[in-house]
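A.B. asks: My structure is below; once you've seen it, I'll send some questions.
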Amino acid sequence: MKKSFRWGLSALLALTMVAAGCSSNKAASTTKPASTDTKAAATTAPKAGGTLSIEINADPPKLDPSLSTALVDRQVFQSIFDKLVDTDANGKIIPMLAEKWEISPDQKTYTFKLRQGVKFQDGTDFNADAVKFTFDRNMEKNSVRRGELSEVDKVTVSDPYTVVVTLKNPFAPFLSVLTDRAGMIVSPDAVKKYGEDFLNHPVGTGPFVYKERVKGTSVTLEKNPNYWVKGQPYLDKVVYKVFTDSNVGLTNQKSGQVDIMTNFPYKEITNMANDQNIKVMNLAGQGYQGIHLNTSKAPFNNKELRQAVDLMIDRDALIKVALNGAGTPAHSPYAPSHFSYGDSDKAAKPNVEKAKELLKKAGKPDGFSFTLKIGTTPTNQQVGEMVQSMLKPAGITVNLEKVEFGTLLEQAKSGNHESAQLGWSGRPDPDQNIFDFAFTGASNNYSQYSNPEVDKLLKAGRAEGDEAKRKTIYNDLMKVLNDDDEYVYLWHSNNVFGISKGVQGFAYIPDGLVRTATISK
């Protein structure tokens, strides 16, 4: 059946609004758009003007969506660039620069109807030609976005505000891909003017205009007076301040120099729980952490041994001790914001007797040993030591080996490990959290895992356009993966923010990125 056009500026504005005074352990509440709730608008009217300071933990390396590989770039991009589509607090795809879209019955043609009257920050028009220009640029050989758009066959302009994207194969996560850098539309004139230096002169249609950068210190943006959302943004200026040490960032927030901490230090979560001036938000994100078990060689070519390891993990203890509560237990790649989230994410409680039965069945009644490679941070070390202690009662000996992060990735990719503790930052669509990790020969399949049934289900999940049917497919997938235990899921990483008193209109989105258009002080 042909899918209908999806409408709604109101959907874009109906984000989860979290005031600074909300409880840090409660999920964000949903508010109606101000245009449909005049009473709420009268009592919560945002104040115009002022400067918002946001802490980031590194200097953004490349402020060009086509070349960016850093999370910190993505924080700044939210203010400079609008996307074709965005996600809301529940992980749903909502309109942004594309007012509506239509998907063909074979799920290979996407027709986007674009918002009219939108200007780029350099004064040029946003239109279908600009969208095609951005797609073409992102599919060039030097673009980091090329892989994300590998299923795109061609992009055509049918009229000034209609773009048709034809895919090579049905690809259900396509819209989700467009909620991030691949969907951020750049000014063609600015790209042609600045060339390779566009990353130092970024121009989009977003609520704030790039002003200047002080290398290693800050990035300053100013209000876009011609922003297409009426009345927004409210602030005059947004300054991203670089603090490589989150404790120093928090010190600056306590003194009033920072309004929002995006990398709130774990150890301070409980210490600041009742602070009157800074509210800590500790909410589930989209990613996860866990342990890859190399299924291609002993000892983890034996499924029962993998199951025994998984069964002995106390996820609640890991989160409480190592993360100070900044996570939720995981037994799947599906975060709470994913439509596929469900019972597959519930892990069994540690069970020594059952683990010993599995060892006996595997021919290792006296236990076995293996090496777990971990990163070099204090948290990595603590998690490794806790896993080591948790497995010991079952007769499983864990030898820890600390490895620099980049080297650990290379060793895991090449299969030079028995096990490796590595995670994923997460994406809005469940496919982006599992396909490359479980499909035979995929780029992030560090467990060297191969199962024809899993491959079939992963392909089916990508090809199916109906969300309810996809959920069934991903549930079936996890029944197999939770039995095979090629990857031991530990926790879903939380996004932890510090929000200063006086900040209003902060919208929590599970991707952990701050949308500044709705914020006021």
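A.B. asks: It is to be established whether one or more residues within region 173-184 are buried (at least 24 other Cβ atoms within 10 Å of the Cβ), under 17 Å from A128 (Cα atoms), touching a residue at least 60 places away in the same chain (Cβ under 8 Å) and out of contact with any strand residue (DSSP E or B) (no Cβ under 8 Å at 6 or more places or on another chain).
C.D. replies: yes
For every residue, the table says whether it meets (1) within 26 Å of K402 (Cβ to Cβ); (2) among the hydroxyl-bearing types (S, T, Y); (3) in contact (Cβ under 8 Å) with a residue 40 or more places away in the chain.
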{"residue": "P336", "(1), (2), (3)": "no, no, yes"}
{"residue": "K346", "(1), (2), (3)": "no, no, no"}
{"residue": "N351", "(1), (2), (3)": "no, no, yes"}
{"residue": "L359", "(1), (2), (3)": "no, no, yes"}
{"residue": "F370", "(1), (2), (3)": "yes, no, yes"}
{"residue": "G375", "(1), (2), (3)": "yes, no, yes"}
{"residue": "P378", "(1), (2), (3)": "yes, no, no"}
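A.B. asks: I'm trying to understand the selection: among the residues of region 143-171, which are of a type in the set (V, I, T) and at pLDDT below 95?
C.D. replies: Scanning region 143-171 gives a single hit, V144.
A.B. asks: Check H417, H492 and return the single one that is farther than 22 Å from T179 by Cα and crowded, with 20+ Cβ neighbours inside 10 Å.
C.D. replies: That would be H417, the only listed residue that is farther than 22 Å from T179 by Cα and crowded, with 20+ Cβ neighbours inside 10 Å.
A.B. asks: Within region 104-122, how many residues turn out to be of a type outside the set (D, E, K, R) and either within 30 Å of M261 (Cα to Cα) or not in a strand (DSSP E or B) (or both)?
C.D. replies: 8
A.B. asks: Could you list, in sequence order, the residues of region 197-212 that are in contact with a helix residue (DSSP H, G or I) (Cβ under 7 Å, 6 or more places away or on another chain) and either touching a residue at least 24 places away in the same chain (Cβ under 8 Å) or part of a helix (DSSP H, G or I) (or both)?
C.D. replies: Answer for region 197-212, where residues must be in contact with a helix residue (DSSP H, G or I) (Cβ under 7 Å, 6 or more places away or on another chain) and either touching a residue at least 24 places away in the same chain (Cβ under 8 Å) or part of a helix (DSSP H, G or I) (or both): F198, P202, V203, G204, G206, P207, F208, Y210.
A.B. asks: Specify the residue that is farthest from E99 (Cα to Cα); the eligible residues are those in region 238-255 that are of a type in the set (V, I, T) and either in contact with a strand residue (DSSP E or B) (Cβ under 8 Å, 6 or more places away or on another chain) or part of a strand (DSSP E or B) (or both).
C.D. replies: Filtering first and then ranking leaves V242.
A.B. asks: Scan region 465-472 and tell me whether some residue there is touching a Phe, Trp or Tyr at 6+ places or on another chain (Cβ under 9 Å), within 29 Å of N169 (Cβ to Cβ) and either buried (at least 22 other Cβ atoms within 10 Å of the Cβ) or not assigned by TED's automatic domain parsing to the domain that holds D314 (or both).
C.D. replies: Within region 465-472, one or more residues are touching a Phe, Trp or Tyr at 6+ places or on another chain (Cβ under 9 Å), within 29 Å of N169 (Cβ to Cβ) and either buried (at least 22 other Cβ atoms within 10 Å of the Cβ) or not assigned by TED's automatic domain parsing to the domain that holds D314 (or both).
A.B. asks: Further, regarding this structure: Could you check region 68-103 and list, in sequence order, the residues that are modelled with pLDDT under 95 and part of a loop (DSSP other than H, G, I, E, B)?
C.D. replies: S68, T69, A70, D88, A89, N90, G91, K92
A.B. asks: Specify the residue that is modelled with the lowest pLDDT; the eligible residues are those in region 232-261 that are surrounded by 15 or more Cβ atoms within 10 Å (Cβ to Cβ), closer than 23 Å to P61 by Cβ and out of contact with any helix residue (DSSP H, G or I) (no Cβ under 6 Å at 6 or more places or on another chain).
C.D. replies: Taking the candidates together, the pick is S246.
A.B. asks: Counting just the residues of region 464-503 that are among the small types (G, A, S) and part of a loop (DSSP other than H, G, I, E, B), which one comes out nearest to A355 (Cα to Cα)?
C.D. replies: G465
A.B. asks: Got a number for residues in region 415-437 being within 17 Å of K471 (Cα to Cα) and in contact with a helix residue (DSSP H, G or I) (Cβ under 9 Å, 6 or more places away or on another chain)?
C.D. replies: The qualifying residues number 8.
A.B. asks: Please specify each residue of region 83-110 satisfying the condition of being crowded, with 18+ Cβ neighbours inside 10 Å and hydroxyl-bearing (S, T, Y).
C.D. replies: T87, Y110
A.B. asks: Scan region 288-324 for residues that are in contact with a Pro (Cβ under 7 Å, 6 or more places away or on another chain) and acidic (D, E) and jot them down.
C.D. replies: If the condition is that a residue be in contact with a Pro (Cβ under 7 Å, 6 or more places away or on another chain) and acidic (D, E), then D314, D316 are the ones that fit.
A.B. asks: Just wondering, is there one or more residues in region 408-420 that are assigned by TED's automatic domain parsing to the domain that holds E353, over 30 Å from A89 (Cβ atoms), in contact with a Pro (Cβ under 8 Å, 6 or more places away or on another chain) and at pLDDT 95 or above?
C.D. replies: Yes, that holds for at least one residue.
A.B. asks: Next question. What residue, among those in region 43-67 that are among the hydroxyl-bearing types (S, T, Y) and modelled with pLDDT under 90, is surrounded by the most Cβ atoms within 10 Å (Cβ to Cβ)?
C.D. replies: Residue satisfying both the conditions and the ranking: T44.
A.B. asks: Tell me which strands (runs of 3 or more DSSP E) are completely within region 364-454 and hold 2 or more residues being of a type in the set (V, I, T) and either touching a Ser or Thr at 6+ places or on another chain (Cβ under 8 Å) or closer than 18 Å to E486 by Cβ (or both), or say none if there are none.
C.D. replies: The strands (runs of 3 or more DSSP E) meeting that bar are 396-402.
A.B. asks: Tell me which of these L235 doesn't satisfy, since it passes every other one: (1) in contact with a Phe, Trp or Tyr (Cβ under 9 Å, 6 or more places away or on another chain); (2) assigned to a strand (DSSP E or B).
C.D. replies: Tallying (1) in contact with a Phe, Trp or Tyr (Cβ under 9 Å, 6 or more places away or on another chain); (2) assigned to a strand (DSSP E or B), L235 fails exactly one: (2).
A.B. asks: Within region 213-228, which residues are surrounded by fewer than 17 Cβ atoms within 10 Å (Cβ to Cβ) and in a loop (DSSP other than H, G, I, E, B)?
C.D. replies: If the condition is that a residue be surrounded by fewer than 17 Cβ atoms within 10 Å (Cβ to Cβ) and in a loop (DSSP other than H, G, I, E, B), then K215, G216, T217, P225, N226 are the ones that fit.
Condition check ((1) modelled with pLDDT of 95 or more; (2) under 17 Å from Y288 (Cβ atoms); (3) of a type in the set (S, T, Y)) across all residues:
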{"site": "N451", "(1), (2), (3)": "yes, no, no"}
{"site": "E464", "(1), (2), (3)": "no, no, no"}
{"site": "R470", "(1), (2), (3)": "yes, no, no"}
{"site": "L477", "(1), (2), (3)": "yes, yes, no"}
{"site": "V514", "(1), (2), (3)": "yes, no, no"}
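A.B. asks: Could you grab the pairs with beta carbons closer than 6 Å, sequence gap of 6+ or different chains, first residue in region 292-311 and farther than 22 Å from D436 by Cα and touching a residue at least 60 places away in the same chain (Cβ under 8 Å), second one aromatic (F, W, Y) and assigned to a strand (DSSP E or B)?
C.D. replies: Correct list of pairs: P299/F368; P299/F370.
A.B. asks: Mind listing whichever residues of region 353-376 are more than 35 Å from the chain's Cα centre (by Cα) and either at pLDDT below 95 or hydrophobic (A, V, I, L, M, F, W, C) (or both)?
C.D. replies: L358, L359, A362, F368 - these are the residues of region 353-376 that are more than 35 Å from the chain's Cα centre (by Cα) and either at pLDDT below 95 or hydrophobic (A, V, I, L, M, F, W, C) (or both).
A.B. asks: Could you say which residue among H292, H331 is in a strand (DSSP E or B), surrounded by 23 or more Cβ atoms within 10 Å (Cβ to Cβ) and within 22 Å of the chain's Cα centre (by Cα)?
C.D. replies: One residue alone meets the criteria, H292.
A.B. asks: A further question follows. Looking at T407, T397, which is the one that is of a type in the set (S, T, Y) and within 25 Å of D316 (Cα to Cα)?
C.D. replies: Going through T407, T397 in turn, just one is of a type in the set (S, T, Y) and within 25 Å of D316 (Cα to Cα): T397.
The values are calculated or read from the model by the stated rules, or taken from the named source; none is laboratory data. Every value quoted in this text rests on a predicted model; they were computed, and no experiment measured them. Using ideal geometry, Cβ is built from the backbone for each residue, glycine included, and neighbour counts are taken over all protein chains shown.
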